[in-house]
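Below is one structure, written out as C-alpha cells; comments come after it.
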Amino acid sequence: MLDRNTQIWSFEKDLLPMQGIGDAALLSRPLTAFFASRRCPGATIRATIDWALQRARTKETVISGFHSPLEQSVLKVLLQAKSPVVAVIARSLEGARLVRDWRLAINEGRMAVLSAHTATGRLTETLAVERNDLAALMAVRIVIARAEPGGILDAAQTRWVAAGCNIERIHPA
C-alpha cells in the first residue's frame, strides 16, 4: 500500500490527465521506453541484460510498465544500480501496493510511478495496451527487446511506427 504520507501529483501530457508519485523531475529527462514480450529466447535475454547494465552505467532514465518477465529483470538491474526509472502502472495509484524496492527507490528520489487509470481491478489486455502506449508517449526513444509476432507488443510497435516513432531493437550479439 502507498504510505499515507505519499503525495500523489497530477499532470497532463498531450491532453491526457495522469497522476504520479515519486520524483516528478524524472519526467523532464529524456526517457527511454523499454518493452519486451513475455517469451524471449535466451540470446535476447542475455543481450537485453547487457543493454540494461549499460543503461545502469550511464544512469539513463528508463520508462516501462515493467510487467513482462524480461522487463522485470531489467527493472531489477536498474534499481540495484540505483538508476532512475519511471514505472507506468495500468491501475489507479489510489491503494496501489508497491513492492519494497519500489518504495525505497521512490523515497530515495530515483523513481516515479505514473498512472492514467482509475481502474483498480485486474490487468486486462486493453489496460496493458494503454499502459504501454502511455510509456511510449512519454519517451523520446523506444527500445524493444522482442515483440512476439502477432502479439500485443507487435501490434503496438506497428502503431508506433505508423505514428512516426523510431523504434530500436535489441539483437543478440
Inset, instruction - Take every Cα pair under 8 Å in the chain that's 6+ residues apart, average their separations, divide by the length, and report that relative contact order as a whole percent. - result: 30 percent
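Calculated from DSSP H runs of 4 or more alone, at -39500 (n - 2.57) each and per residue, what is the 222 nm mean residue ellipticity of the chain, nearest 500? Can you show the working numbers first?
Details: 5 runs with 62 residues, N = 173.
Rounded to the nearest 500, it is -11000 deg cm²/dmol.
Relative to the Cα centre, what is the charge dipole magnitude of the chain, using +1 at the beta carbon of each Lys and Arg, -1 at the beta carbon of each Asp and Glu, and rounding to the nearest 20 debye? Intermediate values should be presented prior to the final figure.
Values: 22 positive and 16 negative charges, 100 e Å.
That gives the chain a dipole magnitude of about 480 debye.
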Legend entry - Residue list for segment 77-110, given a label point 7 angstrom along the Cα-to-Cβ vector of ARG38 and an amide N cut-off under 20 Å: 88-91
Inset, instruction - Compute the separation of the alpha-carbon centres of segment 16-50 and segment 52-66 and state it in Å as a whole number. - result: 7 Å
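Order by neighbour count: CYS165, CYS40, fewest other Cβ atoms within 10 Å first, most last.
Numbers: CYS165 16, CYS40 21.
The order, fewest Cβ neighbours first, is CYS165, CYS40.
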Legend entry - Distance histogram for segment 132-173 (every C-alpha pair counted, 5 angstrom bins, percent rounded to whole numbers): 6, 22, 35, 26, 8, 3
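Report the local net charge at LYS76: Lys and Arg +1, Asp and Glu -1, summed over other residues whose C-beta lies under 14 Å from its C-beta. Kindly include the intermediate steps, with their values, before the conclusion.
Values: positive: ARG55, LYS82, ARG100, ARG110; negative: GLU71, ASP101.
Combined, the nearby Lys, Arg, Asp and Glu give +2.
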Inset, instruction - Send over the per residue convex hull volume for segment 35-169, Cα only, as a whole number of Å³. - result: 107 Å³
Inset, instruction - Along Cα→Cβ, 7 Å out, is where each label goes; now give me the distance between the ones at ASP50 and LYS76 in nm to one decimal. - result: 2.0 nm
Inset, instruction - Determine, for VAL99, VAL77, VAL161, the number of other Cβ atoms within 10 Å of each Cβ, and report the residues in order from fewest to most. - result: VAL99, VAL161, VAL77
Inset, instruction - Count charges around SER115 for me, please; just the other residues with Cβ under 14 Å from its Cβ, Lys/Arg as +1, Asp/Glu as -1. - result: 0
Legend entry - Tilt relative to the chain, helix 152-162 - C-alpha long axis, 0 to 90 degrees, to 10: 80 degrees
Inset, instruction - May I ask for the Rg/Rh ratio of segment 11-63, computed from Cα atoms with Rh as the Kirkwood radius, given to two decimals? - result: 1.08
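Quick note: the coordinates plus some simple rules give every number you see, no bench work behind them. Fair warning: this is a prediction, and the values are worked out from it, not measured in the lab. Every residue, glycine among them, receives a Cβ derived from its backbone with ideal geometry; neighbour counts consider all protein chains shown.
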